[in-house]
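Here's the structure we're looking at; comments come further down.
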Amino acid sequence: MYDVIVVGAGIAGLTAALYSKRLGLNTLVISRDIGGQAILAPEIQNYPGFISINGFELVKKLQEHVMNYDVEMVFDEVIEVREKRRAFTVRTASGTEYQALALILAIGKAPRELNVPGEKEFKGRGVSYCTICDAPLFREKKVALVGVGEAGLHGALILSEVVKECYWIFPTPNPGTSDKERLNYLKSKGNVKFMPNTKVIRIEGDTRVRSIVIKNLKDNKEETIRVDGLFVEMGYVTKTEFLKGFIELNEKGEIVIDKLCRTSKEGVFAAGDVTDIPYKQAVISAGQGATAALSAYNYIARIKGLAKVTSDWKHIKVKTKESKEGFFLRI
Ligand SMILES: Cc1cc2nc3c(=O)[nH]c(=O)nc-3n(C[C@H](O)[C@H](O)[C@H](O)COP(=O)(O)OP(=O)(O)OC[C@H]3O[C@@H](n4cnc5c(N)ncnc54)[C@H](O)[C@@H]3O)c2cc1C
């Protein structure tokens, strides 16, 4: 039985794990990946301490920091959480179950999907949700992009630099951006075909994507176009269906928390983009990860009869791989 299971290893989850382990809690992190959304950020200019840092580099530094405390980590997807007699059981997609006294949910946001036939099958085999990451894999190829507004335009601009031809598909009469300067620049590249009033209804292929079927929303005509890849840039959503009925979620599926990152269920805490806080930023996720871990510690301290972390709590130094001379001080 762990003291704390942190679900998610983005900025919020990694920070929660760092705090939790430093507080002496037996901590397990379960995550699909390390870094979450931050690794997709080409440049972060507002994370304190770094005038400019690539998201991947920031995650690498945070990961090194966490691993310096030998935090146990499992790569898997949590699909169910249950509570029984003050203990929480977490079940993963691989069928493994883990138990803990407290949970910190830091599962962030994930790209919005198209929900069309073929999408699941060809995910990672031609269907991509990260243009900036995967565009180079389609150099001189023919691709399609779905997305409106800033996300769509950003994707189209990246692809225009790399691919031979790109169909930019959007369901509205125009691309949903007033950025005339960048739109004109995109048009001047000549390799992006604007496809207004259109949506993708099917993705087809064999071992990977070979074509998409699109529908014109004005005349309902369907057409198959041959492409090597499909990029989806439709923003990010919370994926908290597995938490429905377990803790309170708002209408957007975000986890409702209080200022101590407590959820509606005692012993369950949440941090970062998955919560109902309005500002989704890396530094805020880190701050909430820390808050959630301190709150989890106090919850466990109450169960185990330990001293609580208080508002005048300041000093804590833990033995790490690098500094063997540390001491652990609980106030
Ligand atoms: C392209 C881009 C650029 C950005 N630029 C900036 C910027 O310049 N400045 C800034 O402050 N912010 C920026 N952000 C926002 C910032 O990256 C996020 O606010 C922050 O990274 C959120 O961290 P998080 O840990 O809350 O969630 P996430 O990063 O979403 O991490 C969630 C983690 O949980 C895991 N997970 C999800 N569900 C499960 C499950 N069921 N089981 C197991 N694991 C699961 C995921 O795999 C992931 O590891 C940007 C975001 C993007 C996408």
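Here are the numbers for this structure:
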quantity	calculated
Helices (runs of 4 or more DSSP H) (entirely within the stretch 126-240) containing at least 2 residues that are without any contact (Cβ under 8 Å) to a residue 40 or more places away in the chain	149-162, 180-189
Breaking point among (1) farther than 25 Å from Leu157 by Cα; (2) more than 9 Å from the ligand (Cβ to nearest atom); (3) in a loop (DSSP other than H, G, I, E, B), for Leu114	(1)
Residue count, the stretch 1-47 (criterion: part of a loop (DSSP other than H, G, I, E, B) and within 10 Å of the ligand (Cβ to nearest atom))	8
Residue in the stretch 228-249 that is buried (at least 16 other Cβ atoms within 10 Å of the Cβ), within 12 Å of the ligand (Cβ to nearest atom), aliphatic (A, V, I, L, M) and modelled with pLDDT of 95 or more present	yes
Members of the stretch 178-197 that are touching a helix residue (DSSP H, G or I) at 6+ places or on another chain (Cβ under 6 Å) and crowded, with 17+ Cβ neighbours inside 10 Å	Leu186, Val192
Residue check for Ala93: touching a Phe, Trp or Tyr at 6+ places or on another chain (Cβ under 9 Å), aliphatic (A, V, I, L, M) and not assigned by TED's automatic domain parsing to the domain that holds Asp134	no
Inter-residue pairs, beta-carbon under 7 Å, first assigned by TED's automatic domain parsing to the domain that holds Asp258 and assigned to a helix (DSSP H, G or I) and in the stretch 275-296, second buried (at least 21 other Cβ atoms within 10 Å of the Cβ) and among the polar types (S, T, N, Q), 6+ apart	Ala286/Thr15; Gln288/Thr275; Gly289/Thr15; Ala290/Thr15; Ala293/Ser20; Ala296/Ser20
Extreme residue, surrounded by the most Cβ atoms within 10 Å (Cβ to Cβ), among residues of the stretch 41-64 that are more than 20 Å from the chain's Cα centre (by Cα) and not β-branched (Val, Ile, Thr)	Phe50
Residues satisfying the stated conditions in the stretch 83-107, i.e. without any contact (Cβ under 8 Å) to a residue 40 or more places away in the chain and in a strand (DSSP E or B)	Lys84, Thr89, Arg91, Glu97
Residue tally, condition of a type in the set (Asp, Glu) and under 20 Å from Asp134 (Cα atoms), over the stretch 1-51	2
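The values are calculated or read from the model by the stated rules, or taken from the named source; none is laboratory data. No experiment lies behind these values; they were computed from the predicted model shown. Cβ sites come from the backbone with ideal geometry, for glycine too, and all protein chains shown count toward neighbours.
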